[in-house]
Amino acid sequence: MNKARPLMSKAHALRQSTPGVLLVNLGTPDAPEPEALRRYLREFLSDPRVVTLPRLLWLPLLHGLVLRTRPRKSAEAYGRIWTTKGSPLLVNSMALAKRLESLLCKGLAAPVTLAVGMRYGNPSLGSALATLKEAGVTRLLVLPLYPQYAAATSGSTLAAVSECLQRLDWSPTLEWVHDYHDDADYIDALAESVREHWAARGRGEKLIVSFHGIPQKISDSGDPYASQCRATAALLAARLGLVDSQWQLAFQSRFGPAKWLRPYTDMLLKDYAAQGMKRLDVICPGFAADCLETLEEIALRYTQTFADAGGKELRYVPALNARDAHVRMLASLAIPKLNGPGS
């Protein structure tokens, strides 16, 4: 008579699991060329969580007008920031991933496999998840590089990951980082980057804390993004010891005629220049890695906007990218989830 096999202890089961991390960023085109932008924008702007207009209204407009005109303009913008290694967003995300994987392997009993997936563009979420499946991952942490939760970013990513797992016929134990907008280590990392910026370049007359905007209608419907942006900005200002007159929350990157979250960053810059301000600092805490919206929109285009309005210097504080404090912060979010509940 066969003896019953003893049940594995929880600790033993965790040691036997194979942890993996899907590090997610929003996305990037394959090249700074109109056709590559057309493919990227078609995928991005077809997502109903990104553009919430009725499909019967939006899709003909997207294919009949937007994808005929916007790719060339966007390609020119990407061309101004493209590097010899490729897209800044991808380059920065991969550098961050390499350092994070190394730190996670030191912090966990089992080796960790990490793959980078873009919600739109390449490397795709599907290809990244296939890599993790092939590596034998049984406990998967999805770590979106979106500090503030929004339906258009985190929500869309969760839906896309679920669809990819179904197509792969793969059911790992799934963990998820919902957001980290008020995480103390995240706020410390941001504050450290601002202090280093001030030490190197001097302190501007005001710190603008700029986030990517979303339509006001979406915020009014209950999306937590705006409130989380406000919380991040207030916590950062407090950590830096700033009073209300020394900093300002703002929102950038609006698209289309609808009302978006206010105040608008570019309008604020014009107002401050008209008030006689000459030197301003800008940080964009919603972007974990430098990309089009930080390097082209803020550091190039809005710098010119400020100068044209009479300002002298708009100094951009770089994203956290692969900074030590950023890597440690993300590891501190990941390790407890990869170790399992009650660890």
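The values are calculated or read from the model by the stated rules, or taken from the named source; none is laboratory data. From a predicted model like this one, the values you see are computed outputs, not experimental measurements. Glycine gets a Cβ as well: all are built from the backbone with ideal geometry, and neighbour counts include every protein chain shown. We work out accessible area using only protein heavy atoms, side chains counted, and drop any ligands, DNA or RNA first. Shrake-Rupley method; radii C 1.70, N 1.55, O 1.52, S 1.80 Å.
Assess whether residue 319 counts as being within 30 Å of residue 173 (Cβ to Cβ) and either under 17 Å from the mean Cα position of the chain (by Cα) or basic (Lys, Arg) (or both).
Details: within 30 Å of residue 173 (Cβ to Cβ): no; either under 17 Å from the mean Cα position of the chain (by Cα) or basic (Lys, Arg) (or both): yes.
In short, no.
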Problem set entry | Sole exception among (1) under 21 Å from residue 277 (Cα atoms); (2) at pLDDT below 95 for residue 263, by number | (2)
Exercise. Would you call residue 89 part of a helix (DSSP H, G or I), modelled with pLDDT of 95 or more and surrounded by 16 or more Cβ atoms within 10 Å (Cβ to Cβ)?
Worked result: yes
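Sort through 226, 238, 258 and tell me the only one that's modelled with pLDDT of 95 or more, at negative phi and either assigned to a loop (DSSP other than H, G, I, E, B) or open to solvent by 30 Å² or more (accessible area, probe 1.4 Å) (or both).
Numbers: 226 fails: either assigned to a loop (DSSP other than H, G, I, E, B) or open to solvent by 30 Å² or more (accessible area, probe 1.4 Å) (or both); 258 fails: modelled with pLDDT of 95 or more.
It is 238.
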For this session: Please identify the pairs in which a residue from the stretch 102-125 that is more than 25 Å from residue 159 (Cβ to Cβ) has its Cβ atom under 8 Å from the Cβ atom of a residue that is among the hydroxyl-bearing types (Ser, Thr, Tyr) and open to solvent by less than 40 Å² (accessible area, probe 1.4 Å), counting only partners at least 6 apart or on another chain.
Result: 110/17
Seminar exercise, completed: Log entry, pairs with first residue in the stretch 150-174 being within 19 Å of residue 216 (Cβ to Cβ) and open to solvent by less than 30 Å² (accessible area, probe 1.4 Å), second being modelled with pLDDT of 95 or more and assigned to a helix (DSSP H, G or I), beta carbons closer than 6 Å, six or more apart or on different chains, reads 150/225
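What residue, among those in the stretch 179-223 that are free of Cβ contacts under 8 Å to residues at least 12 places away in the same chain, in a helix (DSSP H, G or I) and more than 26 Å from residue 273 (Cα to Cα), is most open to solvent (accessible area, probe 1.4 Å)?
Narrowing the stretch 179-223 to residues free of Cβ contacts under 8 Å to residues at least 12 places away in the same chain: 184, 196, 199-200, 220-222.
Within this subset, residues satisfying the condition of being in a helix (DSSP H, G or I) are 184, 196, 199-200, 220.
Subsequent filtering for residues that are more than 26 Å from residue 273 (Cα to Cα) retains 184, 220.
On the way: 184: 54, 220: 113 Å².
Per the criteria, the residue is 220.
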Exercise. Among the listed residues 107, 121, which satisfies the condition of being open to solvent by less than 60 Å² (accessible area, probe 1.4 Å) and in contact with a strand residue (DSSP E or B) (Cβ under 7 Å, 6 or more places away or on another chain)?
Worked result: 121
Problem set entry | Candidate set: the stretch 40-57, residues that are assigned to a helix (DSSP H, G or I) and in contact (Cβ under 8 Å) with a residue 12 or more places away in the chain; chosen: the one surrounded by the most Cβ atoms within 10 Å (Cβ to Cβ) | 40
Seminar exercise, completed: Here the qualifying pairs (Cβ atoms under 7 Å; residues six or more apart or on different chains; first in the stretch 73-92 and among the charged types (D, E, K, R); second open to solvent by less than 20 Å² (accessible area, probe 1.4 Å) and not in a loop (DSSP other than H, G, I, E, B)) come out as 80/296
Exercise. Out of the residues in the stretch 288-304 that are open to solvent by less than 30 Å² (accessible area, probe 1.4 Å) and not acidic (Asp, Glu), which is farthest from residue 192 (Cα to Cα)?
Worked result: 302
